[in-house]
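First up is the structure itself, then whatever we jot down about it.
The values are calculated or read from the model by the stated rules, or taken from the named source; none is laboratory data. For clarity, every value in this text was computed on a predicted model and none was experimentally measured. Virtual Cβ from ideal backbone geometry, glycine too; neighbours counted across all protein chains shown.
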Amino acid sequence: MLFQFGFYSSLLLITFSQGILYSVLLLAKAIKTENKPNYWLSLFIFLCCLYIAPWMLGFAGWYDNQPYRDILFYTPFQHLLLIGPVIYFYTQSLLNPSFQLTQKNFIHFIPGIGYLFYILGLWIYDQFIFKDYFFYKDGLDKDFESWYQNIGLISMMIYFIASIRYYNLYRKLMFQVVSYADAVLFKWIQTYLYAFLVMLSLPIVLNIVSLFYPEIDSYTGTWWFFLFFSIIMYYIAITGYSNPIVAKIPFEISLFTNQPALLLQPNKSEEVIIDIEHETFHEQESLETSIWKNKIETLITKEKLYENPELTLTDLAKKLETNASVISRVVNQGFGLNFNDFINQYRIDAVKKAFNAGNHKKSTLLGIAFDCGFNSKATFNRAFKKSTGLSPKDFIENL
């Protein structure tokens, strides 16, 4: 197989081959562990590898020699209309264990599939009807036509925004239903979304730079874009392969409306609907709310439920033999807090009592925090300062 090794082709070959390797590793990991998100990430890395392939192979001499030239012309390597949906479904599969690829979801892949048929039609006409270059008589690869590149960029931006929106709704939901929200916000999701944003920004940055350095628009100048793109892809592949995210709370949510979220409860006939739009309510507290407030306070204080680092809204509702939707609304309306902050306030009060009792002289601050229900040092420090305005050490010094 023809491959002319040089500075430009060799550097892209390194990141390309590593990307293909990680795509295979992610696929193998997905099959072995039955981890759905890894299927999507494997596909995303593979599409990114295909995206840089024409530039790598072009510098390796493929555009100048047959039959390699026709392979590049008639094989769609840059699947710009598929990358967006893949990253969007990767986000959903990471956050929602109940996510399934349904027939309704396939509508997102129609534009990408349509482009495949478009290229197939060009190949059939040129090879079997016109029997020469008709659509390719200008010698330009259709993957790089401005209309396709622009539509592809817009598509990826739309799905990036949808992914951000989905994550933000998930974030709101977690603060309403678990007492360990910080632990399930998953730094990896923010990391790869930032990396994907950098990918999307590269063409814009390139266009701005070309205003001052026109040579960047040349064939070799554009190579730098694909090098930076491939480096970011490689970073996502490495960090994504090692990420330990395991989402445990299934839910249904409306993406672009502020409708309540539905928690999926297996073996339960009663739906749990959580209002993620409101953390507090301004209307007057009802008698029913006051009654439930007393029940909640009594139960949490008596049984010290806050000491459970994995306490959820559903756990509290089961203890009180009611629906989680009721408890969620009472916490929001009666206490003016989301569930996560509500339970953390009990934990902070317990920590302060321990400090006042001098327990910090016999135990570490982190040990006290864990005993009171916190599950990480970062969460403890953040919650404590949010509540008291002081760090734990400063609070102790002021005793």
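State yes or no: is TYR180 under 17 Å from the mean Cα position of the chain (by Cα) and under 30 Å from GLY240 (Cα atoms)? So TYR180 does not fit the description; no.
Going by the conditions given, is LEU305 surrounded by fewer than 16 Cβ atoms within 10 Å (Cβ to Cβ) and of a type in the set (A, V, I, L, M)? Judged against the criteria, LEU305 is not a match. Considering PHE370, PHE384, the condition of being more than 17 Å from ILE300 (Cβ to Cβ), aromatic (Phe, Trp, Tyr) and touching a residue at least 60 places away in the same chain (Cβ under 8 Å) is satisfied by PHE370 alone.
Reported count of residues in segment 235-257, each being assigned to a loop (DSSP other than H, G, I, E, B), in contact with a Leu (Cβ under 8 Å, 6 or more places away or on another chain) and surrounded by 13 or more Cβ atoms within 10 Å (Cβ to Cβ), is 5.
All conditions but one from (1) surrounded by fewer than 22 Cβ atoms within 10 Å (Cβ to Cβ); (2) part of a helix (DSSP H, G or I) apply to VAL330; the one that does not is (1). For the condition surrounded by 15 or more Cβ atoms within 10 Å (Cβ to Cβ) and closer than 28 Å to PHE7 by Cα, ILE71 does not qualify. Evaluate the following for ARG382: is it surrounded by fewer than 16 Cβ atoms within 10 Å (Cβ to Cβ), in the same structural domain as GLU310 (by TED's automatic domain parsing) and either under 15 Å from ASP182 (Cβ atoms) or among the aromatic types (Phe, Trp, Tyr) (or both)? It is true that ARG382 is surrounded by fewer than 16 Cβ atoms within 10 Å (Cβ to Cβ), in the same structural domain as GLU310 (by TED's automatic domain parsing) and either under 15 Å from ASP182 (Cβ atoms) or among the aromatic types (Phe, Trp, Tyr) (or both).
Against the criterion of being among the polar types (S, T, N, Q), within 23 Å of LEU169 (Cα to Cα) and in contact (Cβ under 8 Å) with a residue 60 or more places away in the chain, ASN96 qualifies. Of all residues in segment 126-139, none are within 30 Å of SER328 (Cα to Cα), assigned to a helix (DSSP H, G or I) and not basic (Lys, Arg). Against the criterion of being modelled with pLDDT of 95 or more, in contact with a helix residue (DSSP H, G or I) (Cβ under 7 Å, 6 or more places away or on another chain) and crowded, with 17+ Cβ neighbours inside 10 Å, LEU50 does not qualify. Could you tell me whether any residue of segment 389-396 is at pLDDT below 90 and not in a helix (DSSP H, G or I)? Checking segment 389-396: not a single residue is at pLDDT below 90 and not in a helix (DSSP H, G or I).
Of all the residues in segment 143-172, those that are closer than 26 Å to PHE117 by Cβ and in contact with an Asp or Glu (Cβ under 9 Å, 6 or more places away or on another chain) number 1. Would a scan of segment 76-97 turn up a residue that is at pLDDT below 95, more than 19 Å from TRP55 (Cβ to Cβ) and exposed (fewer than 12 other Cβ atoms within 10 Å of the Cβ)? For segment 76-97, residues at pLDDT below 95, more than 19 Å from TRP55 (Cβ to Cβ) and exposed (fewer than 12 other Cβ atoms within 10 Å of the Cβ): absent.
A quick yes/no check of all residues on (1) hydrophobic (A, V, I, L, M, F, W, C); (2) within 30 Å of LYS304 (Cα to Cα); (3) assigned by TED's automatic domain parsing to the domain that holds ALA383; (4) crowded, with 17+ Cβ neighbours inside 10 Å:
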position: GLN176; (1), (2), (3), (4): no, yes, no, yes
position: ALA181; (1), (2), (3), (4): yes, yes, no, yes
position: LEU185; (1), (2), (3), (4): yes, yes, no, no
position: TYR192; (1), (2), (3), (4): no, no, no, yes
position: LEU197; (1), (2), (3), (4): yes, no, no, no
position: VAL205; (1), (2), (3), (4): yes, no, no, no
position: PRO214; (1), (2), (3), (4): no, no, no, no
position: SER218; (1), (2), (3), (4): no, no, no, no
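Only one of the listed residues (VAL351, VAL326) is of a type in the set (Val, Ile, Thr) and touching a residue at least 40 places away in the same chain (Cβ under 8 Å). That residue is VAL351.
Right, LEU13: assigned to a helix (DSSP H, G or I) and under 20 Å from LEU197 (Cβ atoms) or not? So LEU13 fails the test.
Evaluated against (1) in contact (Cβ under 8 Å) with a residue 60 or more places away in the chain; (2) crowded, with 16+ Cβ neighbours inside 10 Å; (3) hydroxyl-bearing (Ser, Thr, Tyr), SER42 falls short on exactly one condition, (1). For residues that are touching a residue at least 40 places away in the same chain (Cβ under 8 Å) and either closer than 16 Å to GLY373 by Cα or among the basic types (Lys, Arg) (or both), scanning just segment 308-323, find the one that is surrounded by the fewest Cβ atoms within 10 Å (Cβ to Cβ). Filtering segment 308-323 for residues that are touching a residue at least 40 places away in the same chain (Cβ under 8 Å) and either closer than 16 Å to GLY373 by Cα or among the basic types (Lys, Arg) (or both), the one surrounded by the fewest Cβ atoms within 10 Å (Cβ to Cβ) comes out as GLU310.
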